[in-house]
Amino acid sequence: MSGNEAIARAAYEGRVNVASGYPGTPSTEILENLVKYTDKASDLYCEWSPNEKVAFEVAAGAAMTGARAMVTMKHVGLNVAADPFMTMAYTGTVGGMVIVVADDPGMHSSQNEQDTRHYARFGKVPLLEPADSQESRDFVLAGLELSEAYQSPVLLRTTTRVSHSRSVVTLGERQLQRPMPAFDRNPVRFVPIPAYARKMRVALEDRLARLKQAAECSPLNRMEMRNSELGIITAGISYQYVREVFPDASVLKLGWPFPFPDALIRDFAGKVRQLLVVEELDDILEQHVKALGLACEGRKFVPGIGELTVPVLQQSKAKMEGKPISAAALVSQARDLPGRPPTLCAGCPHRGMFAALKYHDVIVTGDIGCYALGVLPPLSKLDTILCMGAGVTMAHGMQKAGNNRKVVGILGDSTFFHSGITGLLDIAYNRGNAAIIVLDNRTTAMTGHQDHPGTGRTLMGQPTIHASIEDFGRACGIKHVHTVDPMDLDGNIALLGEVLQREEPSLIVARAPCILSEKPVDPQPRKIDAEQCVACGQCVGIGCPAIECADGYPHVNELLCNGCGLCDRVCDLRLVQPAK
C-alpha cells in the first residue's frame, strides 16, 4: 500500500465515523481510498468540504459527539484550518480525532515547504510521524486511541515520500461496534468564552505534561543501539534514509516526537559519543536537543531546504567525515528520460482566457490551480500567486492602492468555492472595481478531478446541488456578471475591453470542461497550410503542446491536438483548418 492507502485502511479498521477534507497533493488519495470502504461500512461518512477550515470543523463536531473522526489536508491547508485547530486543543475531544497533514518537502506541488511540526508545538497538540506505510496504518489507530485517552486531537504528519511510496502493510480487522454518538451538553468544557477558556488553558498544560510522560515510554519511540560512536535522532521518512546511509549508527527513532520525550533523548545521548539530528526542513528537534544542554550537530551537515534523499544524506556524511562531496548521481532509469516542462494540456480551456488577456495591458493576480501555468512563456500572463483565494483579494488591494494599470484577478471554480466568495464580497462592499475571472472547468483539476459544490456530485457519489458561481457573484453585489466560452477569443477580447473601462467590479465566468475529464466526442485535429504560413509565431504564442516547430515553421501534432480551434482564432491569415 501507499502511505495514503494505509491511512485510509486504518480509518476503516479503527471505525472512524466521519472523514472530511479538501483535496491537496500529497494528501488527496486518503479520502479517495477511504470512500471505497463505505460500501461495507454503513456508519462511515466521507466528504470533500469546500475548504480545510470547514473540513476541520465538520470532524470536530463529529468528535464532540463521541464519534471517531479524521480530517485530511496538505500543509498549507492547515493554515486555513488554524483557527479551529488552535481552539480545539483547549476544548479537546470526546471521540478520537486524528488530523492528517501531508507536508511537501521539495515543493513538488506546493507554493512553500512549511513544517507542520511547528503547529503541534504552537497548538500544544501531540504529534505522530510515521516513516512508512505500515506505520501510517498503525499510527492512525494509535492516534485514535491516544486522542480518546487524553481527550485531545492528535496531529499526524506525513510527507510526500511517505504518502506516495509503497511498502508491505499487515492489515487487521475492523474494530467492534462502538456506542452510538450522542452529544452531552457541557458548556464549561465546550464553550471557550474567556471565563471558561482560562480554566481550559490550565487543563491544556496539565494534559500536555501527562502526554509528555506517556511519550517517554511509548513503543512509538524506540532506541536501536548499534555502534556507540555515532547516535542519530530522527523521525518520519528521514529514518529510512538514516538506516541506509548510516547502517552502523545507533538510532533514536521518534514516532511520537511531540511532546518531546526529554528523558528518552537524554538517555540515548548518554549512550553514544557523538550525536547527530537528521530531520527534514526546520531544525526543530536539533534546537530542542541543544536546549536540553546536549551537544549535537544537525543543520551544520544536514540541509534544511528541500527534500532529504539518500544521495543528499550521503553528501552530509561525506561532509561530516571530511571527505570530498560529489554531486548527487541521477537514478540510472531516469538518466535518459527527456525533459517534460509543465504546460497547460492541449485543448485546455484556460488557455483561451490567457490568450485573450495577452491583448490587454493588465496586471493579473493569480491563484492556486492548473492556471498557475499561465505564468510560463509563451503565455506569460500571470503576475502574482499567494494562496487560495488571493487571486481575488490581491486584485482589490492593488486597485485600492492607486495602481495606474488595470488589474484582473483569476482563479478556478474549486478555488472560488474554497475561498474566493468572501474576497468577491469584499470588492463589492468596499466599492472596488477589479475584474475577476473564474475559470470554471467543472472539477478540481489540479489534484486529480475531485468534486466540489459546483459539480453536482459528492465524494460518496450522491447527486446534489450545482452551486452557481454567477448567483454567488450577484448575491455578493456584483452587478456585471458574464458567462463566456473561454475559446471565443474575439468575443472575450472585446468583453475584457469593455469590462476594463468600467468603474465597477465585474465577474466573468469562463466555463468549459477540463479536457481530461470530458474528451471531445469527435475531435477534429488541426493542420497548418504550410505553403502560405509566414512563421509569424501567433499560433506558437498560445503555448499549446500540440503545436511544434521544425525549421522555424509551426506544425500541428495530430496525436496531441484535441481540435479546440484556438489556434484557428489567433492566426491572422486563418491558415489553420481541420485536418479532415
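The values are calculated or read from the model by the stated rules, or taken from the named source; none is laboratory data. These numbers were taken from a predicted model, which means no experiment stands behind them. Every residue, glycine as well, gets a Cβ built from its backbone with ideal geometry; the counts of neighbours run over all protein chains shown.
Can you tell me which residue among Leu281, Leu308, Leu264, Leu276 is in contact with a strand residue (DSSP E or B) (Cβ under 9 Å, 6 or more places away or on another chain), in contact (Cβ under 8 Å) with a residue 24 or more places away in the chain and either surrounded by fewer than 17 Cβ atoms within 10 Å (Cβ to Cβ) or in a helix (DSSP H, G or I) (or both)? Only one candidate passes the filter, namely Leu264.
For the range 449-471: of the residues being touching an Asp or Glu at 6+ places or on another chain (Cβ under 8 Å) and touching a residue at least 40 places away in the same chain (Cβ under 8 Å), which is farthest from Met73 (Cα to Cα)? Taking the candidates together, the pick is Ile469.
Restricting attention to the range 49-81, the residues that are out of contact with any strand residue (DSSP E or B) (no Cβ under 6 Å at 6 or more places or on another chain) and surrounded by fewer than 24 Cβ atoms within 10 Å (Cβ to Cβ) add up to 13.
Inclusion of Leu337 among residues that are more than 21 Å from Ala435 (Cβ to Cβ) and not assigned by TED's automatic domain parsing to the domain that holds Thr483 is warranted. I'd like to check something: does the range 212-230 contain any residue that is crowded, with 22+ Cβ neighbours inside 10 Å, of a type in the set (Asp, Glu) and touching a strand residue (DSSP E or B) at 6+ places or on another chain (Cβ under 7 Å)? No, there is no match, as no residue in the range 212-230 is crowded, with 22+ Cβ neighbours inside 10 Å, of a type in the set (Asp, Glu) and touching a strand residue (DSSP E or B) at 6+ places or on another chain (Cβ under 7 Å).
Across the range 165-205, what is the total count of residues that are of a type outside the set (A, V, I, L, M), more than 25 Å from Val16 (Cα to Cα) and within 33 Å of the chain's Cα centre (by Cα)? Show your work before the answer.
Filtering the range 165-205 down to residues of a type outside the set (A, V, I, L, M) leaves 165-167, 170, 172-175, 177-179, 181, 183-187, 189-190, 192, 194, 196, 198-199, 201, 205.
Among the residues that remain, those that are also more than 25 Å from Val16 (Cα to Cα) are: 187, 192, 194, 196, 198-199, 201, 205.
Add one more test, that the residue is within 33 Å of the chain's Cα centre (by Cα), and what stays is 192, 201, 205.
Residues meeting the conditions: 3.
Screening Glu148 with (1) over 22 Å from Ile233 (Cα atoms); (2) within 21 Å of the chain's Cα centre (by Cα); (3) of a type outside the set (Lys, Arg); (4) in a helix (DSSP H, G or I) gives one miss only, at (2). Looking across the range 5-15 at every residue that is of a type outside the set (Lys, Arg) and assigned to a helix (DSSP H, G or I), the one that is surrounded by the fewest Cβ atoms within 10 Å (Cβ to Cβ) is identified as Glu13. Residue by residue through the range 289-301, note down the ones that are in contact with a Lys or Arg (Cβ under 9 Å, 6 or more places away or on another chain) and either assigned to a helix (DSSP H, G or I) or closer than 30 Å to Ser109 by Cα (or both). Of everything in the range 289-301, those that are in contact with a Lys or Arg (Cβ under 9 Å, 6 or more places away or on another chain) and either assigned to a helix (DSSP H, G or I) or closer than 30 Å to Ser109 by Cα (or both) turn out to be Gly298, Lys300, Phe301. Just to check your reading of the model, which residue among Ile465, Ile437 is hydrophobic (A, V, I, L, M, F, W, C), out of contact with any Lys or Arg (no Cβ under 9 Å at 6 or more places or on another chain) and surrounded by 23 or more Cβ atoms within 10 Å (Cβ to Cβ)? Just one listed residue meets the conditions, Ile437.
Would you be able to say whether some residue in the range 116-128 is at pLDDT below 95 and in contact with a helix residue (DSSP H, G or I) (Cβ under 6 Å, 6 or more places away or on another chain)? Looking for residues that are at pLDDT below 95 and in contact with a helix residue (DSSP H, G or I) (Cβ under 6 Å, 6 or more places away or on another chain), one finds none in the range 116-128, hence no. Applying the condition of being over 18 Å from Lys53 (Cα atoms) and among the β-branched types (Val, Ile, Thr) to the range 16-37 and asking which residue is surrounded by the most Cβ atoms within 10 Å (Cβ to Cβ) yields Val16. Checked against (1) buried (at least 16 other Cβ atoms within 10 Å of the Cβ); (2) in the same structural domain as Leu507 (by TED's automatic domain parsing); (3) over 21 Å from the mean Cα position of the chain (by Cα), Gly298 passes all but condition (2).
In the condition set (1) at pLDDT 95 or above; (2) touching a Ser or Thr at 6+ places or on another chain (Cβ under 7 Å), Tyr37 is compliant with all but (2). Looking across Ala535, Ala550, one residue alone is over 23 Å from Ile437 (Cβ atoms), without any contact (Cβ under 8 Å) to a residue 40 or more places away in the chain and touching a Phe, Trp or Tyr at 6+ places or on another chain (Cβ under 9 Å). It is Ala535.
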